Ligand code: HEM
């Protein structure tokens, strides 16, 4: 434990906990990402149209999306990043200091738990500009590193460092696949009964659900 790395072996309980995490992360985080994406594209039909044009140009109406094509979806990727910025499914991360340490001039004693508020950093105008609260996927047009003022590294919906989400590539692929299949088949708008109320119950959910109206195209 001295090194902060812990033991390299895993107990049966550790393996069971990892399996639960895979199930929970795989189901919950990716499904709320997809839910927020549908909500936001329901609010911004112009971006929904851009995304559909791109999906249709790569797959047409009938082709099942494949990995090669999904890797070419630039607008869809920008949209998913912007949704992850504004509505990160995991709103914060915790880290425990394993020994006394200094961060930014402050000393933290061993055992202190630090909370890293992803959602607050993702909305900070000093980092993203005065339009930090607006949905603007174009800020990711030149990639993640160029999306912030002065190229500050401030986008971490999947965490950071050695414990970064192991499922991030899979999650993005899954979200792109599902979104492409929806865009190939449906146009959607928010229902007038939708009330915007982001709310955290472990993950960031729409508190009153996501009422969306789908039209087959
Ligand atoms: C949009 C979808 C997802 C989001 C936003 C997300 C977010 C996160 C975050 C914030 C962490 C903590 C990282 C840290 O402490 O630095 C994490 C860890 C983890 N995630 Fe994900 N995740 C997603 C999807 C998935 C999927 C699909 C899987 C598995 C199939 C998965 C498996 C894991 C595992 C196993 C860890 C723990 C890694 C470790 O502690 O070493 N996640 N995820």
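Could you state the orientation-averaged shadow area of the convex hull built on the Cα atoms of region 12-216, in nm² to one decimal? Spell out each step's value before the answer.
Working: hull surface 55.3 nm².
Computed as one quarter of the Cα hull surface, the answer is 13.8 nm².
Return the ratio Rg/(2.2 N^0.38 Å) for region 87-207, where Rg is computed over Cα atoms only. Kindly include the intermediate steps, with their values, before the conclusion.
Numbers: Rg = 17.7 Å, N = 121, 2.2 N^0.38 = 13.6 Å.
Scaled against compact globular proteins, the figure is 1.30.
Between the helical axis of 74-86 and the dominant principal axis of the chain, each derived from Cα atoms, what acute angle in degrees is found, rounded to the nearest 10?
Roughly 50 degrees, rounded to the nearest 10.
What ranking do 70-81, 94-105, 130-141 get when scored by the average of other Cβ atoms within 10 Å per residue, highest first? It would help to have the intermediate numbers written out before the result.
Working: 70-81: 19.5, 94-105: 10.5, 130-141: 15.2.
The most tightly packed comes first, giving 70-81, 130-141, 94-105.
At a 10 Å Cβ-Cβ cut-off, how would you order 193, 92, fewest neighbours first? Each step should come with its number before you reach the end.
Details: 193 9, 92 13.
With the fewest neighbours first, 193, 92 line up as 193, 92.
Within the P(r) computed for region 3-116, what percentage of the Cα pairs occupies the region above 17 Å? Kindly include the intermediate steps, with their values, before the conclusion.
Values: 4638 of 6441 pairs.
Of all Cα-Cα distances in region 3-116, 72 percent exceed 17 Å.
Enter the angle in degrees (range 0 to 90, nearest 10) between the Cα long axis of helix 12-24 and the first principal axis of the Cα atoms of the chain, meaning the one along which they spread out most.
Result, in degrees: 30.
With everything on Cα atoms, drop me the angle between helix 30-43 and the longest principal axis of the chain, reported from 0 to 90° to the nearest 10.
Once rounded, one gets 50 degrees.
Read-outs: derived from the displayed coordinates by stated rules, not from any lab. From a predicted model like this one, the values you see are computed outputs, not experimental measurements. FYI the Cβ positions are ideal-geometry reconstructions off the backbone, even for glycines, and counts take in every protein chain you see.
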